[in-house]
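Participant: First, the structure itself, so that you have it in front of you.
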Ligand code: E4P
């Protein structure tokens, strides 16, 4: 299971990478635009925080394959490290994936709403497919079911492409895609924090300390 952070906000990335066992960062043009900073220096700042080995997923903006390919080359040259180029699963996107794959690009096919889009992207050579779980559920189709069907199709077709489930609004959605076999999820900081929170845990910790202090007084184990 791989956990990624779906943000380009520098302070959140620093804090979250200190705390959690994270495998990378995902961005998209909307996430980048929120920061309103120089695009390449922002991505390089993220790269410096997370290190060369962690995944950094960056999306192309173009709608036609030729320009997508140019943008992919540009991003790979300017950012480097373990970079994944995110390409939406339009017909032009699939064409770009087919062209880039033989040239050693790591690719995440994104904006996936149906199992057939994922299968097509996987056959074109995508390393990850990214179904948008909550956005799918907002169209009256179960996002979880779509993820389950994608996993089934990839397995049936002996494809090595992994599922990076994205677009979550609650931790139950994250839990369900994980249970159904998604190999990776990307979530905003607020949801990542919630994956650990439980009143039972914090109450237990408070009780341990209270019991200890009743006998030994305030302090810690090292003195
Ligand atoms: C990640 O790669 C996606 O772009 C993102 O998770 C979409 O999430 P949203 O539906 O919350 O915008």
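Participant: Taking the stretch 95-223 as the region of interest, what is the percent of Cα-Cα pairs per 5 angstrom bin, listed from the shortest bin to the one with the maximum distance?
Facilitator: Once binned at 5 Å, the Cα pair distances of the stretch 95-223 give 2, 10, 17, 16, 13, 9, 7, 5, 5, 5, 5, 4, 1, 0.
Participant: Summing -39500 (n - 2.57) over the DSSP H runs of n ≥ 4 in the chain and dividing by its residue number, what mean residue ellipticity at 222 nm do you reach, to the nearest 500 deg cm²/dmol? Please report the intermediate quantities before stating the final value.
Facilitator: Details: 11 runs with 116 residues, N = 223.
Computed ellipticity for the chain at 222 nm equals -15500 deg cm²/dmol.
Participant: Let me see the P(r) profile for the stretch 1-121: every Cα-Cα distance counted, bins of 10 Å, each bin given as a percent of all pairs.
Facilitator: Going from the shortest bin to the longest, the percentages are 13, 45, 33, 9, 0.
Participant: Let me see the pair-distance distribution of the stretch 115-190: every alpha carbon pair, 5 Å bin width, integer percents in order.
Facilitator: Each 5 Å bin holds this share of Cα pairs: 3, 18, 30, 25, 15, 7, 1, 0.
Participant: Hey, any idea what Rg/Rh is for the stretch 149-223, computing Rh the Kirkwood way over Cα pairs?
Facilitator: Details: Rg = 20.3 Å, Rh = 15.8 Å.
Taking Rg over the Kirkwood Rh, I get 1.29.
Participant: Hey, could you get me the Stokes-Einstein D for the chain, Kirkwood radius over alpha-carbon pairs, 25 °C and 0.890 mPa s, rounded to whole µm² s⁻¹? Numbers along the way, then the final one.
Facilitator: Working: Rh = 18.7 Å.
Result for D is 131 µm²/s.
Every number in this text was worked out from the coordinates using simple rules, so none of it is lab data. This structure is a prediction, so every number in the text was calculated from the model and none was measured.
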